[in-house]
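Asks: Sending over a structure as structure tokens; questions will come in a sec.
The values are calculated or read from the model by the stated rules, or taken from the named source; none is laboratory data. Note that the structure is a prediction, hence the values are computed from the model and not measured. Virtual Cβ from ideal backbone geometry, glycine too; neighbours counted across all protein chains shown. Remember, those area values only see protein heavy atoms, side chains included, never the ligands or the DNA or RNA. Shrake-Rupley method; radii C 1.70, N 1.55, O 1.52, S 1.80 Å.
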Amino acid sequence: MSNEYDVSLRYGVESNTDLSGKVAVVTGGLGGIAMASNEMLLAKGAKLALLYPAFEHGKVSDVAGQFDADRVQFVECDVTDPASVEKAFAAVEAHYGRIDILVNCAGYVMLQPVLETEFSEWEKQVAVNLTGPFLCSQAAARRMVKAGKGGKIINIASQAASIAIDNHVAYTSAKAGLLGMTKVMAKEFAPHKINVNTLSPTVVLTPMGEKAWRGEKGEAMKKLIPLGRFAYTDEIAAAVLFFAGNGSDMITGADLMIDGGFTIW
């Protein structure tokens with residue numbers, strides 16, 4: 001048997017990222033990064049299940065009008081509660097018959113100095129930003145493994161997971177944990193052809209990001225970013241789309257920085 005490889009062979013990358021027939025679950029599905037990602041995933045042919053928390057129930061009717069009802073399902077879910085997560089993923093599976101892609105977009109942040117961070121605040125940020133992705137990834141991966149067709153899990157982390165930023169102790173701890181969790185899942189799920197990766201944006205101009213970084217604090221932060229600006233939601237969505245397609249099939253356990261060079265320092 002020859003040890004030589006045929007270097008003329010190609011894997012078969014879809015340069016147009018065709019996601020026809022794929023089902024993507026997006027947590028925090030009504031948020032800024034999620035909505036930009038939803039548009040791109042739909043444009044490439046995917047069907048969506050958008051998970052949202054109970055307090056956003058009033059937004060569903062407004063958002064639903066933007067999408068084709070046959071291709072977008074809305075499911076209420078508390079991502080920090082195992083029973084709620086299992087119920088939500090069972091509903092998606094019952095509706096579409098499969099789950100191919102999971103985008104963990106649900107997030108929460110409250111910026112406070114270490115000495116002023118109450119335990120309840122610590123618990124909330126860890127619950128939403130780390131426990132939520134764990135429970136949702138576990139629920140999705142169980143179904144992907146059973147289906148035997150591989151899958152993609154994309155976790156939205158943060159530049160704060162890799163570099164110290166004042167007033168981010170709970171958020172940073174949760175997002176750093178998310179990087180570690182992603183690596184373990186990537187290794188364990190690899191035999192099942194399930195890719196698990198993270199995206200680590202700088203400040204993104206979502207409603208949550210704008211509120212946290214408006215005014216002088218935001219101007220000071222932009223001076224620390226070599227490219228001199230914050231990110232836009234469609235820039236993050238473009239990376240989500242890349243990790244959702246087969247052009248990223250050889251990438252797993254990776255963290256893609258989308259930070260304008262902030263972590264170069």
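Asks: Taking Pro201 as meeting all but one of (1) open to solvent by 50 Å² or more (accessible area, probe 1.4 Å); (2) of a type outside the set (D, E, K, R); (3) in contact with a helix residue (DSSP H, G or I) (Cβ under 9 Å, 6 or more places away or on another chain), write down the number of the exception.
Replies: If we test Pro201 against (1) open to solvent by 50 Å² or more (accessible area, probe 1.4 Å); (2) of a type outside the set (D, E, K, R); (3) in contact with a helix residue (DSSP H, G or I) (Cβ under 9 Å, 6 or more places away or on another chain), just (1) comes out false.
Asks: Tell me, yes or no, whether the range 12-35 has at least one residue that is touching a His at 6+ places or on another chain (Cβ under 7 Å), at pLDDT 95 or above and not in a loop (DSSP other than H, G, I, E, B). Spell out how you get there, then give the answer.
Replies: Filtering the range 12-35 down to residues touching a His at 6+ places or on another chain (Cβ under 7 Å) leaves none.
No, the range 12-35 has no match at all.
Asks: If you take the residues in the range 47-81 that are hydrophobic (A, V, I, L, M, F, W, C) and in contact with an Asp or Glu (Cβ under 8 Å, 6 or more places away or on another chain), which one is surrounded by the fewest Cβ atoms within 10 Å (Cβ to Cβ)? Spell out the reasoning first.
Replies: So in the range 47-81, the residues hydrophobic (A, V, I, L, M, F, W, C) come out as 48-51, 54-55, 60, 63-64, 67, 69, 72, 74-75, 77, 79.
In the following step, the residues that additionally are in contact with an Asp or Glu (Cβ under 8 Å, 6 or more places away or on another chain) were identified as 51, 54.
On the way: Leu51: 31, Ala54: 9.
Looking at the filtered set, the residue picked out is Ala54.
Asks: Looking at this structure, is Leu179 more than 26 Å from Gly45 (Cα to Cα) and open to solvent by 70 Å² or more (accessible area, probe 1.4 Å)?
Replies: Answer is no for this residue.
Asks: Something else: Taking the range 46-93 as the region of interest, how many residues are assigned to a helix (DSSP H, G or I) and among the small types (Gly, Ala, Ser)?
Replies: Adding up the residues that qualify gives 9.
Asks: On to the next question. Scan the range 208-237 for residues that are touching a helix residue (DSSP H, G or I) at 6+ places or on another chain (Cβ under 7 Å) and either under 30 Å from Tyr11 (Cβ atoms) or polar (S, T, N, Q) (or both) and jot them down.
Replies: Thr233, Asp234, Ile236, Ala237
Asks: Moving on to the next point. Filter the range 208-256 for residues that are of a type in the set (Val, Ile, Thr) and more than 14 Å from Ala36 (Cβ to Cβ); which is surrounded by the fewest Cβ atoms within 10 Å (Cβ to Cβ)?
Replies: Only one residue fits best here, namely Ile251.
Asks: Please go through the range 98-152 and give me each residue that is open to solvent by 50 Å² or more (accessible area, probe 1.4 Å) and in contact (Cβ under 8 Å) with a residue 60 or more places away in the chain, ordered by number.
Replies: Arg98, Met110
Asks: Right, another one. Report whether or not His168 is at negative phi and either open to solvent by 30 Å² or more (accessible area, probe 1.4 Å) or touching a Phe, Trp or Tyr at 6+ places or on another chain (Cβ under 6 Å) (or both).
Replies: No.
Asks: Return the residues of the range 242-265 that are among the hydrophobic types (A, V, I, L, M, F, W, C) and in contact with a Lys or Arg (Cβ under 7 Å, 6 or more places away or on another chain); say none if nothing qualifies.
Replies: Phe243, Ala244 - these are the residues of the range 242-265 that are among the hydrophobic types (A, V, I, L, M, F, W, C) and in contact with a Lys or Arg (Cβ under 7 Å, 6 or more places away or on another chain).
Asks: So Asp255 fits all but one of (1) within 30 Å of Glu14 (Cα to Cα); (2) among the acidic types (Asp, Glu); (3) at pLDDT below 95; what number is the exception?
Replies: The single condition Asp255 does not satisfy is (3).
Asks: While we're here: Going by the structure shown, is Asn197 closer than 23 Å to Met250 by Cα and without any contact (Cβ under 8 Å) to a residue 60 or more places away in the chain?
Replies: yes
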